[in-house]
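Let me begin by presenting the structure, written as structure tokens, before commenting on it.
Please treat every number below as a calculation from the coordinates, not as lab data. If you're wondering where the values come from, they're calculated on a predicted model, not measured in any experiment. Neighbour counts are summed over all protein chains in view; Cβ atoms, including those assigned to glycine, are modelled from backbone coordinates with ideal geometry.
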Amino acid sequence: MTSQIFSESKQIIIERVTPELDGGRYPVKRVVGDCFEVQADIFRDGHDLIAAALLYRPVGGEWQEVPLLKFDNDRWRGEFPLHTLGRYQYTIEAWNDRFGTWLHDMEKRVQAAQVADSDVLEGVALAEESRSRMPEQFAVLIGKFLARLQNLPDPLEAGRLFLNDQASQIIATYPDRSEPASYATLEITVDPLRAQFSAWYELFPRSQSRVPGQVGTFRDVIEGLPRIATMGFDVLYLSPIHPIGRSNRKGPNNTLEAGPNDPGSPWAIGNENGGHKAIEPSLGTFEDFADLVKAADEHGLQLALDFAIQCSPDHPYVKEHPEWFFVRPDGTIKYAENPPKKYQDIYPINFYCENREALWNELKSIVEFWIERGVRIFRVDNPHTKAFAFWEWLISDIKTRYPETLFLAEAFTRPKIMRLLAKAGFSQSYTYFTWRNTRAELTEYLTELTRSEMREYYRGNLWPNTPDILHEALQQGGLPAFKSRLVLAATLSTVYGVYSGYELSINTPVRPGSEEYLNSDKYQVNYYDWSQPHYLGDYIRRINQGRQNNRALQLYDNLHFHDTGQNEQIMAYSKWTPEKDNVVLAVVNLDPHNVQETWIGVPYWEWGIEANEQYLVTDLLTDTTYTWQGEYNYVRLDPNLQPAHLFVVSKIVQ
């Protein structure tokens with residue numbers, strides 16, 4: 001034990017490094033162009049000074065470094081830019097600053113006029129030693145400096161020369177780092193900007209025909225792109241586009257018996273026309289799909305595909321690799337269940353089967369197949385029901401070779417599992433936003449998402465609705481609820497999405513108390529009439545335009561909630577840039593049935609506004625401008641006229 005203490009003694013301590021996930025087990029997340037800040041507690045025993053540096057590199061690249069500076073009670077920080085996609089590594093080194101300590105003490109000795117010859121000789125020895133670590137031209141300068149010292153018989157004068165000559169700066173630039181204290185190497189995943197800032201629009205291609213009763217195709221989707229792009233969306237997410245199984249095919253509203261013309265659920269993947277690497281023939285051809293990818297790009301939309309790892313009983317995998325599934329004692333394959341829900345048309349995959357290596361590689365090849373056809377975003381269906389290790393392996397491998405690829409986790413499950421999936425590599429994640437409707441619920445949940453450690457790895461993608469979820473708030477709140485929930489989703493987070501039909505306020509459940517849509521796209525072909533008078537396309541456009549024109553709404557971890565007095569039905573929050581050159585304030589009526597009013601308190605001083613100074617708030621939703629002053633200002637929101645304000649705050653130009 002004694003020998004271990006002597007052999008492993010450490011003078012310098014590095015701890016409480018941020019950001020760091022689970023001791024470095026997982027990388028933190030950023031987007032390209034970010035400036036990455038690292039902080040740490042660094043100290044040592046005794047009174048001697050220390051110095052520290054932040055080292056970083058793209059994985060496989062050359063290490064670079066920036067100094068760490070102490071800013072508060074042994075807390076240090078430094079930062080570096082993230083210029084490229086992919087993974088970066090970073091770590092911290094700290095060392096005893098022998099020359100800095102000597103120079104600090106010499107300053108005190110000079111001030112007290114108590115410099116001895118031995119004090120100067122210490123500095124001379126340190127300076128001489130440093131010459132071997134610096135370029136020759138600097139070593140020559142230090143040599144000349146030491147020669148000048150020899151001509152100063154007074155040690156006090158020699159001390160003053162050390163303090164005032166540039167030679168000391170050169171010596172400090174090349175310290176002795178032969179025995180540094182080092183921290184573990186940590187990692188960052190650097191994603192494209194769309195990982196942090198994007199607006200998703202989900203649709204079923206087969207319901208996009210402009211002719212009622214006719215099955216929609218990729219060509220119909222192309223025809224509808226201008227409408228979607230005009231609303232300001234930048235990710236177009238398609239439900240599964242693969243051949244649909246025929247065995248146990250579901251009918252309208254999830255009935256167990258389908259008619260001869262019922263198309264079935266797109267998530268029951270695979271029939272005689274192929275599986276995950278094939279296209280449902282009624283939607284079009286691979287040439288049509290290529291045209292859709294190109295047309296979407298021309299409209300500023302990036303295509304996202306659904307990656308659903310499950311098979312219909314008719315999928316080629318079932319015949320070719322029955323060992324990849326769960327086989328009952330009687331030899332039959334087990335279908336999927338989530339009691340009380342049953343999915344008789346779907347077989348789940350056994351990720352831990354004996355032939356798992358071949359299975360995992362085949363599943364990865366599906367992603368590679370669609371990447372080769374221009375897809376870079378994948379929404380993953382129910383990833384929490386698959387192997388965690390599989391996702392970490394697959395996403396790491398894909399993003400190493402295709403760092404621009406994004407994965408969205410559709411995992412409405414337990415919080416710890418959702419967080420684990422995000423740490424394992426998912427770029428964005430679904431959230432509980434759909435079920436958070438009161439001011440207290442939203443404040444608590446969004447604070448957790450954007451202000452806790454979760455902000456380092458979990459990008460919450462807020463969806464007011466999905467094909468699976470029509471919340472009671474939308475069923476009962478009508479058009480005002482659709483508007484207010486849209487504002488909340490689009491401005492509380494930087495990533496959000498809506499499922500097609502939201503802009504028509506479709507809100508009829510299959511039965512009272514259910515969150516399933518009546519006549520859902522999941523089980524039948526539908527027709528949408530976008531010409532209806534209550535169409536929300538322009539309202540959505542204004543919100544997305546506001547997001548695109550205001551950088552404060554593009555930052556994920558800058559959310560601040562504000563006082564709305566005793567009125568729990570009004571929610572107020574703001575976002576502003578670090579430079580405070582862009583401030584956006586949202587005020588939302590959470591009550592879709594009644595007028596609500598209150599005085600809201602805002603931190604005008606945080607925005608660079610003086611106490612006696614008036615300022616302007618301009619509503620992006622109506623183009624109306626109000627003049628405010630001070631902390632508390634009055635708001636009144638009629639849900640049938642205007643359920644929300646989305647203000648840009650600005651100073652009055654004199």
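Per-residue extension of 0.36 nm, minus the Cα-Cα distance of Lys108 and Gln545, leaves a gain of 151.3 nm for this segment. Other residues with beta-carbon under 15 Å from the beta-carbon of Ala94 carry, at +1 per Lys or Arg and -1 per Asp or Glu, a net charge of -2. Restricting attention to the chain, close to 70% of DSSP beta bridges with both partner residues there are antiparallel.
Packing order of peptides 151-158, 82-89, highest average first: 82-89, 151-158 (average count of other Cβ atoms within 10 Å over each peptide's residues). With a Förster radius of 56 Å applied to the C-beta separation of Asp330 and Trp599, the computed FRET efficiency comes to 0.20. Taking the stretch 56-75 and a reference point 7 angstrom along Cα→Cβ of Arg133, the backbone N atoms nearer than 19 Å belong to 56, 63-70. One chain, two ends: Ser514 and Thr173. Fully extended at 0.36 nm per residue, the span grows by 115.9 nm beyond their Cα-Cα distance. Estimated at 0.36 nm per residue, the fully extended path between Arg636 and Tyr535 surpasses their Cα-Cα distance by 33.9 nm. Whole-Hz Karplus values for the stretch 583-595 come out as 10, 10, 10, 10, 10, 10, 7, 7, 9, x, 10, 9, 5 Hz, taken residue by residue from phi with 6.51 cos²θ - 1.76 cosθ + 1.60 and θ = phi - 60°; glycine and proline positions read x. Here the Karplus curve 6.51 cos²θ - 1.76 cosθ + 1.60, taken at θ = phi - 60°, turns the phi angles of the stretch 258-274 into couplings of 9, x, x, 9, 6, x, x, 7, x, 7, 8, 8, x, 8, 5, 8, x Hz, with x standing for Gly and Pro. Projecting label points 7 angstrom from Cα along Cα→Cβ for Arg25 and Arg451 puts them 2.7 nm apart. Structural descriptor for the stretch 440-505: relative contact order 38 percent, calculated from alpha carbon pairs under 8 angstrom and at least 6 residues apart.
Leaving out same-chain residues fewer than 8 places away, which aspartates and glutamates sit with a Cα under 16 Å from that of Lys108? Filter leaves Asp48, Asp117, Asp119, Glu122, Glu157.
The calculated FRET efficiency for Gln654 paired with Phe71, based on their beta-carbon distance and R0 = 30 Å, is about 0.25.
Peptides 422-432, 10-20, 485-495, 537-547 ranked from most to least packed by the mean count of surrounding Cβ atoms within 10 Å: 485-495, 422-432, 537-547, 10-20.
When the chymotrypsin sites (Phe, Trp or Tyr not before Pro) in the stretch 599-654 are filtered for DSSP coil states and for at most 16 other beta-carbon atoms within 10 Å of their beta-carbon, no site remains.
Between Ile349 and any residue 5 or more places off or on another chain, the built amide H atoms are never under 5 Å apart. Electrostatic bookkeeping for Ala158 treats Lys and Arg as +1 and Asp and Glu as -1; over the other residues with beta carbon under 10 Å from its beta carbon, the sum is -2.
Put simply, the amide H of Tyr237, placed in the peptide plane, has neighbours under 5 Å in Tyr201, Glu202, Leu203, Ala304, leaving out anything fewer than 5 places away on its chain.
Listed values (1) 30; (2) 13; (3) 39 include one computed from this model; for percent of Cα pairs over 48 Å apart that value carries the label (1). Packing-based ranking of 221-228, 586-593, 254-261 yields 586-593, 221-228, 254-261, ordered from highest to lowest mean Cβ neighbour count within 10 Å. Structure note, pairs Lys70/Lys399; Lys364/Lys423; Lys319/Lys423: Cα-Cα distances above 30 angstrom occur for Lys70/Lys399; Lys319/Lys423.
Rounded to whole numbers, the Karplus 3J(HN,Hα) couplings from phi for the stretch 519-525 are 6, 5, 4, 5, 10, 7, 8 Hz, using 6.51 cos²θ - 1.76 cosθ + 1.60 with θ = phi - 60°, and x at Gly and Pro. Each label point was placed 7 Å from the Cα along the Cα-to-Cβ direction; for Ala125 and Ala358 their separation is 7.1 nm. Computed from the C-beta positions of Lys277 and Arg401, the FRET efficiency with R₀ = 25 Å rounds to 0.85.
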